[in-house]
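The values are calculated or read from the model by the stated rules, or taken from the named source; none is laboratory data. Since the model is a prediction, treat every value here as computed from it, not as a measurement. Counting neighbours? That spans all protein chains shown, and the Cβs are built from the backbone with ideal geometry, glycine included. The accessibility values were calculated without ligands, DNA or RNA, using every heavy atom of the protein model including side chains. Shrake-Rupley method; radii C 1.70, N 1.55, O 1.52, S 1.80 Å.
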Amino acid sequence: MSAAHLLRHSRKLRSLRNVVDCERSGLARYFSTGSGSFAVKENGVEKRIGGARFSQYTQSGNNLETCKVSVGGVNGSSTFRGTLTNRISSGVTGLNGSLSCGRVASARSFSSSADLPPHQEIGMPSLSPTMTEGNIAKWVKKEGDKVAPGEVLCEVETDKATVEMECMEDGYLAKIVQGDGAKEIKVGEVICVTVEEEGDIEKFKDYKPSSSDAPVAPSESKAKSEPVEPKAEEKVPAKAPEPKAPRTQEASRSGDRIFSSPLARKLAEDNNVPLSSVKGTGPDGRILKADIEDYLAKGGKSETFAASGLDYTDIPNAQIRKVTANRLLASKQTIPHYYLTVDTRVDNLIKLRGELNPQQEAAGGKKISINDLVIKAAALALRKVPQCNSSWMNDFIRQYNNVNINVAVQTEHGLCVPVVRDADKKGLGTIGEEVKQLAQRARDNSLKPQDYEGGTFTVSNLGGPFGIKQFCAIINPPQSAILAIGSAEKRVIPGSSDGQYEFGSYMSVTMSCDHRVIDGAIGAEFLKAFKGYIENPTTMLL
């Protein structure tokens, strides 16, 4: 076929007429590393995974990676090769083979079927380093709406917060594959389809992504057509076979993750059936649609958790609570915690706060809290003892030059830890203002990735809000320490002369340390520095 036919196939390629013969002409437009999207090919259809813009998202540019795009209804295609740098570019190297590109951001995709016009499948993006699946909170755009770069497509509930997902190209939203409230969508799984021309929207009315697009495998239909043979029949009679049912159930819940087909998840959600109560019969214990139907036919009684005489309600776990549970479990299982506690006298700290707040109010600022002073003291102590501002990286210990303090905030959705960046370099008024804004965004479930990523140390305060005297917190990986702040209480202490006594306010502080990174003496040195700033708070202002 001629190159002219290929160039006429898409208006996105018409601008290349003058550069087809150039050996290294630029083809892909530049995107920032915050794009977070890349192209992959499965069964002849290119999918763009990702699509939200986040400045914290980075990609490596050392290796050359390729993907292929087939042009439906055309026998020939083009070849591109590219490498990832801080910005993505591609070069034309010929028009004889298949089209390959180095994770080209938001490249135009084409259907391998002649029945469908050129279209783009948009997958669930990875919006945080720990995200493996997400939920669709709601769609801002509807089917048939025109979309443009920068416009919000939908709101995605990640493992940290609800994030707006933006469109990357002009076009029309032809099909919403995962509707409002869709849950447990794996990263990369198709959520919608866009097209170039408005007249192509109607052709995707009954569109369904191919079974290979789903990141989980094998498919349910294959599982039904090829039932697994009992292993007991294949073993030598002399050996006693292990019971298969317990092994199947254990596999299905490996790592607190339950494998199920999309149909099974939808049916379970519609009937309020917790997947943890259903035993899967598919390969490796995967829960199939038939398993949910059998569960409902039996009256929805769980064989594992049913208890007679108990009245209870099963509360579904939000995505943030699931991830928090997994991370804290991994922290306690893999990090050798030890704890150091010190009592600090806070009379001077309370006095300084009382002197600063009238000045803050007169200047139009907000009041400074004890927690703001604690964050500042912890940041300055980390600058004095940088060994505690580090992470265990297996082959080495990474010591951070920035002091970014995560602050634990309790919300109705779960525990959030927004970050105050460079807290050692900021004034008390700035820290107080940022903490209040971040805490409010956390409660509104509107934190952005840059609001909680990149912390190097965490402060958790249960003393001021709840009156807890002392507690031991769990380290927030990959950090190596967390500071647990208790409440201040008045104590009777010896006076300056014999037989005299006076009152003093003391606050208990417990530091949880990773013994792989922080030795006992180093942890004690940090608490000594922290105590010095708390008991002589004017030194924080120097």
Note: Asn536 to Asp170 extended length (0.36 nm per residue) minus current alpha-carbon separation gives 125.9 nm
Please compute the length gained on full extension between Ala148 and Arg321, using 0.36 nm multiplied by the number of residues separating them and subtracting their Cα-Cα distance. 58.9 nm
Order of exposure, largest accessible area first, which applies to Leu352, Leu296 with probe 1.4 Å: Leu296, Leu352
What spacing in nm lies between the two simple spin-label points modelled at Gln450 and Val187, each 7 Å away from Cα in the Cβ direction? 2.1
Simple SL model, points at 7 angstrom along Cα→Cβ for Asp395 and Leu310; separation in nm is 4.8
How much of the DSSP bridge set in region 436-542 is antiparallel, in percent, rounded to the nearest 5? 75
Highest mean first, how do 331-340, 533-542, 378-387, 497-506 rank when packing is the count of other Cβ atoms within 10 Å averaged over residues? 378-387, 533-542, 331-340, 497-506
How much accessible surface area, in Å² rounded to 10, belongs to the heavy atoms of Glu269 with a 1.4 Å probe? 80
By accessible area of protein heavy atoms, probe 1.4 Å, what ranking do His119, His515, His413 get, highest first? His515, His413, His119
Of Asp422, Asp180, Asp291, ordered by accessible area with the largest first and a 1.4 Å probe, the sequence is Asp180, Asp422, Asp291
Using a 1.4 Å probe on heavy atoms of the protein chains only, the accessible area for Ser260 in Å², nearest 10, reads 10
Would you check the accessible area of Glu157, probe 1.4 Å, heavy atoms only, in square angstrom rounded to 10? 40
